[in-house]
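Reviewing the structure listed below.
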Amino acid sequence: METDSDSVNTPERGGHGAVGHVPVLLKEAIDFLAVKRGGTYLDATVGLGGHSCEIARRLGAPGHLIGFDKDPAALNIARVKLESSAGVSPANADWPTITLLHGSFAELANDQRPATIDGILADLGVSSLQLADPARGFSFQAEGPLDMRMNPMSGETAEQVVNHIDERKLADVIYEFGEERRSRRIARAIVRSRPIRTTQQLVAVVSAAARSMKHERIHPATRTFQALRIFVNRELDDLKALLETAPRVLKPGGRLVVISFHSLEDRIVKDAFRDGAKQGWYRLLTKKPVTASAEEIDRNPRSRSAKMRAAERL
């Protein structure tokens with residue numbers, strides 16, 4: 001299983017540190033999206049605006065780009081990037097109308113009228129902005145508070161989850177969302193070590209509990225951090241909601257492109273696309289997931305776990 005919580009291995013949906021860096025699978029995603037000039041497109045996870053800029057360039061002035069993100073800091077960076085793209089003022093350029101919305105695409109996508117969207121892109125990786133800031137608590141490689149919320153203004157923190165849910169539930173979370181075989185042992189160690197307040201406290205507890213596994217390719221805390229982040233942010237629930245909404249809001253011929261970074265997400269997307277094809281909603285554009293080229297992986301090692309699937313609304 002490829003995981004996406006290790007800050008060494010984590011693909012970034014917003015690009016690499018610098019705002020101008022090319023995001024993962026950019027050309028492939030834009031090619032499959034087949035952006036039509038003057039269309040209406042939805043970027044479900046704007047991140048730092050890398051994919052959005054490429055969509056906007058192809059839409060032109062008659063088009064409309066709608067972008068969602070839970071993270072207000074990411075939205076602010078994306079807004080600046082979109083406004084300054086190509087070094088010209090959007091007011092004077094062949095630039096689409098852009099609407100950026102703070103919140104989960106799972107909640108907001110339902111506001112779209114049926115058959116009004118020409119394409120949807122969802123790039124599900126955690127952003128470099130979130131990973132790079134120790135105060136956000138996403139990375140186990142830096143000391144910080146156990147937060148992990150993509151929207152820092154609402155919801156339970158990872159600290160609250162770690163310290164307050166019962167041992168069995170905690171073990172289930174770590175097993176289900178982290179696919180961690182040592183979930184019971186790790187949960188037991190966490191409960192015995194409460195209260196746990198910081199990322200490094202949690203890393204120490206998990207590493208000690210998981211130390212018997214030799215020759216692991218990833219850090220022993222990777223899967224537990226992934227599980228907590230997915231649980232705190234309801235990531236799989238949001239993805240399922242988007243996949244349920246997409247057939248209703250896409251126009252005939254509209255495209256849905258999803259980039260995922262671990263097996264749980266990819267399995268959900270694969271099943272939804274397969275079921276949609278059986279229902280007569282979709283023509284599948286990718287028999288197997290598209291992955292990063294050797295050149296891209298060499299340029300950005302974090303792209304190696306990215307898997308992209310695409311479908312067209314019939």
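I'd like the full set of residues that are surrounded by 24 or more Cβ atoms within 10 Å (Cβ to Cβ) and either modelled with pLDDT under 95 or not hydrophobic (A, V, I, L, M, F, W, C) (or both), limited to segment 223-241. Once the filter is applied, which keeps residues that are surrounded by 24 or more Cβ atoms within 10 Å (Cβ to Cβ) and either modelled with pLDDT under 95 or not hydrophobic (A, V, I, L, M, F, W, C) (or both), segment 223-241 yields Arg223, Thr224, Gln226.
Yes/no matrix, rows are residues, columns are (1) surrounded by fewer than 15 Cβ atoms within 10 Å (Cβ to Cβ); (2) modelled with pLDDT of 95 or more:
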site	(1), (2)
Ala115	yes, no
Asp118	no, yes
Leu121	no, yes
Val126	no, no
Ala132	no, no
Leu146	no, yes
Pro152	no, no
Glu159	no, yes
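Filtering segment 171-211 to residues that are more than 21 Å from Ile230 (Cβ to Cβ), among the small types (Gly, Ala, Ser) and either touching a residue at least 12 places away in the same chain (Cβ under 8 Å) or assigned by TED's automatic domain parsing to the domain that holds Ser263 (or both) leaves Ser193, Ala208.
Counting only helices (runs of 4 or more DSSP H) that sit completely within segment 165-255, those holding 2 or more residues that are in contact with a Ser or Thr (Cβ under 7 Å, 6 or more places away or on another chain) and over 22 Å from Arg267 (Cα atoms) correspond to 199-209.
The values are calculated or read from the model by the stated rules, or taken from the named source; none is laboratory data. All figures in this text were calculated on a predicted structure; none of them were measured in a lab. Don't worry about glycine lacking a Cβ; one is built from the backbone with ideal geometry, like all the others, and counts go over all protein chains shown.
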